[in-house]
Amino acid sequence: VMLYMENGWLLCQSIFGVLMAGGVFMVANPQTKAAKLSFMLDDSEAAVLLLQTHLLRNCVEILPERTHLQTIVYQGSLSEPPPDRRFISLEGFLAGDASLRPVAAAATDLATLIYTSGTTGTPKAVMLSHNNIVFTAGSIADYLGFVAEDVVLVVLPMAFSYGLYQLLCTVAVGARLVVERSFAFPASVYQRIQQESVTMMASVPSIFATMVASHAKSPLCFPTLRALTNAAAALPEAHITKILEIFPNAGLYKMYGQTECARGCYLPPSLIEKKVGSVGIAIPGTEALVLDEQGKAVGPGVPGVLHLRGPHVMQGYWRQPDSTAKALVPGPTPGERMLCTRDWFTLDEEGFLYFVSRSDDIIKTRGEKVSPLEVEQVLHGIEGVTEAAVVGVPDELHGQAVRAYVVLGEGVELTQKDIELVCRSQLENYMVPRDVLFVPSLPKTESGKLLRRALVS
């Protein structure tokens, strides 16, 4: 079941409704455009689409071709429902079958697919079982100290694991969740924090940076917060002092993770000053290994690739056995598969992890992943563009920003605004290049392959 909707009570209910019905849910970001929606629907062969009516305009043209879709349930009013017989209102759907009962599931059954961009430019669906979700939510709740009395604020999209686990952890301990559609209107979020006496909040560097900027103009103070978390990108050290001014009673947890495992490691707040730059240790119930190219553990200060062991590791990529085989490699025990993150790390003398660099070209911006090839495909579709390359460049606010290098055909005149308009019509907002640089040619190897790294060196 694809859930194409914004953060809200309906999305939360729908996730658990699908699970109780014995189904597999996948959440599509409300920013997702028709082309990617088509891919996700076809790749997953979704039988049901549940969406909000204001998002129907983004996908109404592609739905007739998706013959595997048996039912399209919409929430909200439509002046004129589409003639497609598969369409049914949420009210009509619920009224039509009062005999719905929960369906038992095995711990190893597939529970969700979370689509994430890969180095090929084609989104990959991470497969997570009920056991994956229950264990990971429990482990996160353990090290963050979730309790039933907590009030948890979620502003991150539940289409991504970081946002999704705010819901799952809250429900796991019986706490209360305050759901915001996004952080688009900071003043509204600040008001909700105060009104609801929020105690926990998950964030990314761009949100923290906005808060720091707001604090500089008019001092902010949220004393009810006891825990803050940061993931998706490194938090600038200069912001930490200001963040702790805004949240004087909160501990700040720095973390690292991937969709393939949700969370890999965390740094306790008490060690932020002592372990500057570290992302900590493995989450409870798991193990983190830093290995060299021969699969042997490296010593302190020696770079190696991070490997993760534990029940949080995904089942694999949906219908992509080759990609699964590269990501899930043999572990220390017979038959075990552990996650090869393909990210380079070092360890200190006490075993704390330090991120070095990514092995692939994925861009992390605004807490989300961007595949350069996915953006390049759109750029290459613009008339007059002969070549294009996309890279990530450092950005204080978002961790990284998307930069496009474009080669135009002879006599062609295009501006950055022209490029942006096309990109905005086909890509999520966070994928749209911040910078567009027009160049006469792109650096290549002797065999003609693009030298992407030369663009950012």
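The values are calculated or read from the model by the stated rules, or taken from the named source; none is laboratory data. Just so it is clear, the structure is predicted and the values come from calculations on it, not from any experiment. Cβ sites come from the backbone with ideal geometry, for glycine too, and all protein chains shown count toward neighbours. Side chains are part of the model used for accessible areas, which takes the heavy atoms of the whole protein and leaves out ligands, DNA and RNA. Shrake-Rupley method; radii C 1.70, N 1.55, O 1.52, S 1.80 Å.
Hey, any idea what % of the chain's accessible area is carbon plus sulfur with a 1.4 Å probe? Mind showing how you got there, number by number?
On the way: 11160 of 20530 Å².
Roughly 54 percent of what the probe reaches on the chain is carbon or sulfur.
Whenever you get a sec, line up Ser79, Ser129 from highest to lowest accessible area (probe 1.4 Å, protein heavy atoms).
Details: Ser79 130, Ser129 5 Å².
Result, largest first: Ser79, Ser129.
Suppose a student asked you for the relative contact order of segment 213-369, using Cα pairs under 8 Å spaced at least 6 residues apart; what percent would you report? Intermediate values should be presented prior to the final figure.
On the way: 277 pairs, mean separation 29.2, N = 157.
Once normalised by length, the contact order is 19 percent.
How compact is segment 332-395 by the rule of thumb for globular proteins, expressed as Cα Rg over 2.2 N^0.38 Å? Display every interim value, and only then the final one.
Numbers: Rg = 17.6 Å, N = 64, 2.2 N^0.38 = 10.7 Å.
Dividing the Cα radius of gyration by 2.2 N^0.38 Å gives 1.65.
Hey, can you find the accessible area per residue of segment 306-457 for me, probe 1.4 Å, expressed in square angstrom? Let's see the in-between values first.
Values: 7640 Å² over 152 residues.
Result: 50 Å² per residue.
So what's the gap between the Cα centers of segment 296-342 and segment 148-182, to the nearest angstrom?
Taking the Cα centre of each part, segment 296-342 and segment 148-182 sit 28 Å apart.
Quick one: work out the % antiparallel among DSSP beta bridges in the chain, nearest 5. Provide the component values of the computation, followed by the final result.
On the way: 47 of 80 bridges.
Roughly 60 percent of the DSSP beta bridges within the chain come out antiparallel.
Please work out how much accessible surface Ser139 shows to a 1.4 Å probe, ignoring ligands, DNA and RNA, in Å² rounded to 10.
Looks like 10 Å² after rounding.
Over 31 Å between Cα atoms, which of Lys33/Lys417; Lys274/Lys364; Lys242/Lys326 qualify?
The pairs that break the limit, which is 31 Å between Cα atoms, are Lys242/Lys326.
Tell me the relative contact order for the chain as a rounded percent, counting alpha carbon contacts under 8 Å between residues six or more apart. Could the numbers behind the result be given before it?
Values: 900 pairs, mean separation 52.6, N = 457.
Reported relative contact order: 12 percent.
Based on the mean of other Cβ atoms within 10 Å per residue, sort peptides 217-226, 245-254 so the most packed one is first.
Details: 217-226: 13.8, 245-254: 17.9.
Put in order of decreasing packing, that is 245-254, 217-226.
For segment 86-204, what does the alpha-carbon gyration tensor say about shape, rounded, prolate or oblate, given a ≥ b ≥ c as the root eigenvalues, a/c under 1.5 as rounded, and a/b over b/c as prolate? If you can, show how the numbers build up before the last one.
Details: a/c = 1.37, a/b = 1.25, b/c = 1.10.
Rounded, because the longest to shortest axis ratio a/c is under 1.5.
Roughly how far apart, in whole Å, are the Cα centres of segment 194-238 and segment 383-416?
So the separation of the two Cα centres works out to 32 Å.
Please report Rg over Rh for segment 222-346, where both radii come from the alpha carbon positions and Rh follows the Kirkwood definition.
On the way: Rg = 16.6 Å, Rh = 16.0 Å.
With Rg and the Kirkwood Rh in hand, the quotient comes to 1.04.
Assuming a ≥ b ≥ c are the square roots of the Cα gyration tensor eigenvalues, decide whether the chain counts as rounded (a/c under 1.5), prolate (otherwise, with a/b larger than b/c) or oblate. Let's see the in-between values first.
Values: a/c = 1.28, a/b = 1.04, b/c = 1.23.
Cα axes put the chain in the rounded bin.
Would you work out if segment 12-109 is rounded, prolate or oblate? Take a ≥ b ≥ c from the square roots of the eigenvalues of the alpha-carbon gyration tensor; rounded if a/c is under 1.5, else prolate when a/b is larger than b/c, oblate otherwise. Could the numbers behind the result be given before it?
Working: a/c = 1.85, a/b = 1.26, b/c = 1.48.
Because a/c hits 1.5 or more and a/b fails to exceed b/c, segment 12-109 counts as oblate.
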